[in-house]
Amino acid sequence: MTAKTTASGVPYDAQGEMTDQARRDAAMKGFVKEFGAVAASHLESCVRCGMCSEACHFYVATGNPAYTPIHKLQPFEQAYKRHAGPFSPVYRLFGLVPSVTVEKLQEWERLIFDACTMCGRCTLACPMGIDIAELIKKARHGMFKAGLIPDRLQLMDRTARAWGSPATPAEDFADIIRDTGEELGVPMNVDRDKAEYLVTVAPAELTEHTKALADAAKVFNAAGLDWTYHTEGFEASNIGYLNGDLELQEKMTRKLIDCAVKIGAKTLVLPECGHAYGAARWEAARWYGGEVPVRVIHMTELLAEVVNSGKIRLKPIAQSATFHDPCQLVRRGGVNEAPRDVMKALDLKLTELENTKALTWCCGGGGGVVSNTRADPIRYKAFELKKREVDATGTQRFVTACGQCRITLNLGAKHFKWDKKVESLLELVADNLAD
Amino acid sequence: MTLLDFARGPALQAALVIFIIGALWRFIGALLLPWRLVPAQPREGSPGTVSAWLKGMAVKMWPHEPFAKHGAFQFINGYIFHVGLAIVVFLFVPHILFIQGLTGLSWPGLPNSFVTVIGVVTAASLVAALLHRLRSPVLQLISRVDDYISWLLTFLPVLTGLLATAHLGARYETMLALHILSICVFLIWFPFGKLMHAFLFAFSRGMTGVRLGQRGAEL
C-alpha cells in the first residue's frame with residue numbers, strides 16, 4: 001500500500017504490485033462485468049442537466065463542480081461507451097472514445113470513494129431517474145480489482161477477510177458478548193444451537209458502542225423472544241459492499257444467511273447500521289443464489305414490531321426530539337415510519353428536519369467515507385448542513401438509527417465543539433423499558 | 001431535381017432509415033445486455049413491477065421540492081422548450097399536412113399565428129438553455145460535444161421553420177428546403193446522441209421506479 005500523487009497533484013492510494021497496464025485492464029474488466037441492461041439504460045439516458053449537483057452534500061457544502069454526482073462516474077461511463085455500449089465497435093474503430101487511462105482512474109479514486117457516500121439523494125434528483133448511487137457502487141467494483149481504493153478501506157477489507165469482521169477476530173466475539181453482559185448486568189444469549197432470531201452486530205458495537213450489544217439483549221429479553229448472537233454469523237456491516245470487493249461481499253453475506261439457516265432462525269436482525277441493511281436486505285439474494293430463506297429486518301423494524309405489538313412497553317421521555325434518517329435505511333431502504341413509531345411510543349415530540357425522510361441530507365460518512373480519513377475536510381463541511389438543520393429545530397434530543405451515522409455526526413460535533421449528543425434509537429428504547 | 005425535391009425525397013428517406021435503424025440498434029444494444037435482477041423479497045405492500053415502473057415514469061415529471069427550488073430555471077425552461085417543440089412539431093397545420101402525406105394520419109392543428117408565437121418562445125427558451133450551459137461551472141464541467149451538437153440540431157429546425165414562415169432569409173422554397181434538411185440532420189443524429197433520451201427516459205425512470213418502489217422507498 002502506497003500513498004501517491006497524480007501528475008495533476010491529486011492524492012491517491014494504490015494496492016498491490018501491478019503495472020499501470022495491468023491495473024487499467026483490471027479496472028476495465030471489473031467495469032465491463034457491471035454493464036447489464038439496467039446500468040446501460042441509466043448510462044445511456046443522461047442529458048447532462050447537472051441537477052444532481054444540488055442534491056449532493058459534498059457539492060452543496062463546498063461548491064466544487066467536481067463533486068457533481070454524474071461527473072464522479074466519468075471513467076465508468078467512458079469504459080461503457082468504449083467497451084460495452086451499442087456503438088462501442090464504431091467508437092473503438094474510429095478512436096472516437098479513447099481508452100480510460102490509469103491516470104484518470106487514479107484521479108477519480110477520490111471522487112468515487114472520498115466524495116461519495118452512495119446515499120442516493122442524487123438518484124431522487126435526476127429527472128431521468130438515473131440511479132447514480134448504484135452506478136458508483138458498481139464503479140467501485142472495478143476500482144477494487146485495480147487496487148485503487150483508499151488504504152484505510154483496504155485495511156478494513158484485509159481485516160474483515162482475515163477475521164470475519166473489521167473490528168475483532170471471530171474467536172473473540174463470544175467473549176466480548178459475555179463480558180459486556182456481565183459488565184452491564186444483562187443476560188446474553190450467544191452461540192445457541194437453535195433460536196428464532198439471529199441478532200447481528202456492527203463493528204462499532206464491538207469497540208466503542210458495546211452498550212448497544214446489551215441494549216439489543218435487553219429489548220429481546222423484555223419482548224420474550226427466542227434469540228441469540230452467534231460466532232458463525234455476527235458481522236453485518238458488509239465491508240465488501242462498501243469497498244467494491246464482491247468476493248468479500250458474498251462471503252460476508254453467506255455467513256449471515258448460512259448461520260441463520262443452521263440455527264433454524266426465522267428472522268435475521270441487522271444492527272443499527274445502514275449499509276448492512278443495503279447489503280443483506282436487498283442484495284443477499286444475489287449471493288445466496290435465490291430467495292433468502294429467512295426474513296431480514298433492521299433493528300429499527302424489530303423495535304417498531306415489538307412496540308406496535310405491545311410486546312414491550314416504554315416509559316415516556318416526554319421531550320422534544322429530531323431524527324436523522326440514515327440514507328440506506330430510509331431513502332434507499334424504505335423504512336420510513338418504523339423509527340417514527342418508536343419515537344412516538346417513547347413520547348418524544350418529533351420535529352422533522354427541513355430535509356427529512358427520503359430527502360434527508362446524508363451524515364457525510366456513509367459508504368466508508370467516515371473510515372477514510374483523507375475525506376475528513378469535506379466530511380466536516382457536509383456535516384455543517386446537518387448541524388444547521390438540527391439547530392433550526394430547537395429540539396432537546398437528536399436521534400438516529402445507524403451507528404455509522406452516529407459516529408460521523410459525533411465526530412462532526414466534536415470538530416465544531418457542538419454541544420449536541422447524537423443518540424441511538426435502540427439505546428433510548430433499552431434505557432426506557434417499562435418494568 | 002430542385003433542392004426542395006431532394007430534401008423532401010431522398011434526403012428525408014435516408015434520414016428516416018438511419019433514424020429507425022440507429023434507434024433500434026441503440027435500444028437493442030443496451031437492453032440485450034444481461035439483466036441480472038436481484039430477486040430480493042419486496043417490501044410488503046409495495047407496488048408490483050408494472051405499477052412501480054409506471055410510477056417511476058410519472059413521479060419524475062415533477063422534482064421534489066428542494067430540487068425544484070435549486071433547479072427552478074432548468075426545470076421550468078426545460079418544460080417550456082419541450083412543450084413548445086411538441087406543439088410546433090405536432091400541432092402546426094403545415095406539419096400535420098406533411099405527416100399526412102407521408103403516413104396518411106391526420107389530426108386537428110392550432111392557428112398558424114399561435115404556433116408561430118410558440119415557435120419564437122421555444123427558440124428563446126433553447127437559447128436560454130444554451131446560455132445556462134455555457135455559464136454554469138457544473139455544466140461546463142460535465143458537458144460534452146454531444147450536448148452542443150444536439151442543441152444546434154434542435155435549434156436549427158426551429159430557426160429555419162420560423163424564417164420560412166416569415167419569408168425571411170432566402171426564397172421561401174430554399175428556406176423550406178433548408179428547414180427539411182435541418183430536420184434530416186436532426187433525425188440522423190438522434191440515435192447517436194442524447195436526443196435518444198426522448199425514448200430512453202421510460203426505461204431509465206422505470207427501472208429505478210422498480211428498484212426503489214419494491215423497497216417501499218420514495219422515487
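What to note about this one:
- Number of the exception - B:GLN74 against (1) assigned to a helix (DSSP H, G or I); (2) away from chain A (no Cβ under 14 Å): (2)
- Scanning region A:122-155 for residues that are over 14 Å from the mean Cα position of the chain (by Cα) and within 9 Å of another protein chain (Cβ to nearest Cβ) turns up A:THR123, A:LEU124, A:ALA125, A:CYS126, A:PRO127, A:MET128, A:GLY129, A:ILE130, A:ASP131.
- Of the candidates A:LYS72, A:LYS81, the single residue that is part of a helix (DSSP H, G or I), of a type in the set (Lys, Arg) and either within 9 Å of chain B (Cβ to nearest Cβ) or in contact (Cβ under 8 Å) with a residue 60 or more places away in the chain (or both) is A:LYS72.
- Search result, residues across region A:45-65 that are in a helix (DSSP H, G or I), hydrophobic (A, V, I, L, M, F, W, C) and within 9 Å of another protein chain (Cβ to nearest Cβ): A:ALA55, A:VAL60
- Against the numbered list (1) touching a helix residue (DSSP H, G or I) at 6+ places or on another chain (Cβ under 8 Å); (2) open to solvent by 60 Å² or more (accessible area, probe 1.4 Å); (3) among the β-branched types (Val, Ile, Thr); (4) under 26 Å from A:LYS81 (Cβ atoms), B:ILE142 comes up short only at (2).
To keep it simple, each residue is scored yes or no on (1) surrounded by fewer than 15 Cβ atoms within 10 Å (Cβ to Cβ); (2) touching a Leu at 6+ places or on another chain (Cβ under 9 Å); (3) at the interface with chain A (Cβ under 7 Å from one of its Cβ atoms); (4) closer than 30 Å to A:ARG331 by Cβ.
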position: B:ASP5; (1), (2), (3), (4): yes, no, no, no
position: B:GLY9; (1), (2), (3), (4): yes, no, no, no
position: B:GLN13; (1), (2), (3), (4): yes, no, no, no
position: B:ILE18; (1), (2), (3), (4): no, yes, no, no
position: B:ALA30; (1), (2), (3), (4): no, yes, yes, yes
position: B:VAL59; (1), (2), (3), (4): no, yes, no, yes
position: B:LYS69; (1), (2), (3), (4): yes, no, no, yes
position: B:PHE81; (1), (2), (3), (4): no, yes, no, no
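- In region B:128-145, the residues that are within 20 Å of A:VAL60 (Cβ to Cβ) reach residues that are of a type in the set (Val, Ile, Thr) with C-beta atoms within less than 8 angstrom, at least six apart or across chains, in these pairs: B:VAL138/A:THR68; B:LEU141/A:THR68; B:ILE142/A:THR68; B:ILE142/A:ILE70.
- Members of region A:17-44 found to be at the interface with chain B (Cβ under 7 Å from one of its Cβ atoms) and farther than 30 Å from A:LEU385 by Cα, listed by number: A:PHE35, A:GLY36, A:ALA37, A:VAL38, A:ALA40, A:SER41, A:GLU44
- Flag for A:ARG152 being of a type in the set (Lys, Arg), buried (at least 21 other Cβ atoms within 10 Å of the Cβ) and under 23 Å from A:CYS363 (Cα atoms): no
- A:ALA222 being farther than 28 Å from B:LEU212 by Cβ and touching a strand residue (DSSP E or B) at 6+ places or on another chain (Cβ under 6 Å): yes
- Scanning region A:371-417 for residues that are open to solvent by 30 Å² or more (accessible area, probe 1.4 Å) and not in a helix (DSSP H, G or I) gives A:GLY394, A:GLN396, A:ARG397, A:PHE416, A:LYS417.
Conditions tested, residue by residue: (1) closer than 30 Å to A:ASP13 by Cβ; (2) surrounded by fewer than 17 Cβ atoms within 10 Å (Cβ to Cβ); (3) in contact with a Cys (Cβ under 8 Å, 6 or more places away or on another chain).
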{"site": "A:GLY164", "(1), (2), (3)": "yes, no, no"}
{"site": "A:PRO169", "(1), (2), (3)": "yes, yes, no"}
{"site": "A:PRO187", "(1), (2), (3)": "no, yes, no"}
{"site": "A:VAL201", "(1), (2), (3)": "yes, no, no"}
{"site": "A:HIS209", "(1), (2), (3)": "yes, no, no"}
{"site": "A:ALA214", "(1), (2), (3)": "no, no, no"}
{"site": "A:ALA217", "(1), (2), (3)": "no, no, no"}
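- Qualifying residue in region B:98-116 (condition: closer than 21 Å to B:MET196 by Cβ and at pLDDT 95 or above): no
- Condition met for A:PHE113 (surrounded by fewer than 23 Cβ atoms within 10 Å (Cβ to Cβ), touching a Gly at 6+ places or on another chain (Cβ under 9 Å) and of a type in the set (Phe, Trp, Tyr)): no
Here's the yes/no breakdown for (1) touching a Pro at 6+ places or on another chain (Cβ under 7 Å); (2) outside any helix (DSSP H, G or I); (3) not aliphatic (A, V, I, L, M):
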site: B:ASP5; (1), (2), (3): no, no, yes
site: B:GLY9; (1), (2), (3): no, no, yes
site: B:ALA15; (1), (2), (3): no, no, no
site: B:ILE18; (1), (2), (3): no, no, no
site: B:PHE27; (1), (2), (3): no, no, yes
site: B:TRP35; (1), (2), (3): no, yes, yes
site: B:VAL38; (1), (2), (3): no, yes, no
site: B:GLN41; (1), (2), (3): no, yes, yes
site: B:GLU44; (1), (2), (3): no, yes, yes
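The values are calculated or read from the model by the stated rules, or taken from the named source; none is laboratory data. In this text the structure is predicted, and so the values were computed from the model without any measurement. Every residue, glycine among them, receives a Cβ derived from its backbone with ideal geometry; neighbour counts consider all protein chains shown. Ligands, DNA and RNA are stripped out before the accessible areas are found, and what is left, the full protein with its side chains, is counted by its heavy atoms. Shrake-Rupley method; radii C 1.70, N 1.55, O 1.52, S 1.80 Å.
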